[in-house]
1. As a test of the formula, what do you get for the chain when each DSSP H run with n ≥ 4 contributes -39,500 (n - 2.57) and the sum is divided by the residue count, at 222 nm and rounded to the nearest 500 deg cm²/dmol?
2. For the pair Leu184/Tyr199, report the inter-label distance in nm, with labels modelled 7 Å from Cα in the Cβ direction.
3. Return the sequence-ordered ³J(HN,Hα) values of the range 164-170 in whole Hz as given by the Karplus equation 6.51 cos²θ - 1.76 cosθ + 1.60 applied to θ = phi - 60°, using x for Gly and Pro.
4. So which trypsin sites (Lys or Arg not before Pro) in the range 33-111 are both in a DSSP loop and have at most 15 other Cβ atoms within 10 Å of their Cβ?
5. Given all pairs of different Cα atoms, what value in angstroms does the Kirkwood hydrodynamic radius of the range 18-90 take?
6. Go through the range 124-208 and name the GluC sites (Glu not before Pro) that are in a DSSP coil and have 13 or fewer other Cβ atoms within 10 Å of their Cβ.
7. Using the reciprocal of the averaged 1/r over all distinct C-alpha pairs, how large is the Kirkwood radius of the chain in Å?
8. Please work out the FRET efficiency for the pair Lys28 and Leu121, using the Cβ-Cβ distance as r and a Förster radius of 35 Å; give the result to the nearest 0.05.
Amino acid sequence: MNYSKQVFLLLFMFTSATAVFAQSGYDKLGMQAMMKGDFKSAVKQLEKAGVKSPNNTNVLKMLGYSYYQCGDYDNAISTYTKLISLKPTDYSAYYYRGKARQNIANDPKESLNTMRDNFYLSAIKDFSKAIEINGEEDAQLLQNRGIAYKDYAIFKSFKIKKKAEKTACITLFNSALSDFQKILVIQPQRKDIISLMDYVKAQVTSLK
């Protein structure tokens, strides 16, 4: 996630939090730790705040983000899942849950090989929901979904045994290309996206 986007989301979280929280207690300590980039300490404080206020969406948002930054993707997923159940229109919750799921899928040490399909599919579903809520003009959401399509296609390409499996991989690669093309409409000078498109097109060619 690029720096400006990350700062924007952090500011959004902090603004939302300070508008609701009393300026005392574990929630404030957790927020202060986040602002310093000390996410391990933030987790400790926000977990305590969560015990006191288990359905506080601001606490859940900050806790989920802190888990994510600590690389604790399982707890990030469960926290964002709870946040979504309380606040289903929070697109950032879908975004970070998708990122957490994608990170697990991309690290076979962290998940059984048979479960990776589900993590990829769930990540794509989360990014799609975030796009549905926030709109297709969000290049960062499109980029992450496109990369998820690409990563999933690469994973599936290693297991191709039948023609139908090859066709499914090409379909995923084409979905990635579609998202990248939408980004270039918004930001036509994105060399990184152009490079990703060239890579994906080469993968499609290799499968034909």
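Derivation of every value follows stated rules applied to the coordinates shown; laboratory data play no part. Just so it is clear, the model here is predicted, and its values are computed rather than measured. Positions of Cβ are backbone-derived with ideal geometry, glycine not excepted, and every protein chain shown enters the neighbour counts.
1. Numbers: 10 runs with 164 residues, N = 208.
Helix contribution divided over all residues of the chain: -26500 deg cm²/dmol.
2. Label at Leu184, label at Tyr199, 1.6 nm between them.
3. Result, ordered by residue: 4, 5, 5, 4, 5, 5, 4 Hz.
4. When the trypsin sites (Lys or Arg not before Pro) of the range 33-111 are filtered for loop state and at most 15 Cβ neighbours within 10 Å, Lys36 remain.
5. Computed over the range 18-90, the radius equals 11.9 Å.
6. Glu137
7. 18.1 Å
8. Values: r = 38 Å, r/R0 = 1.10.
Plugging the Cβ-Cβ distance into 1/(1 + (r/R0)^6) gives 0.35.
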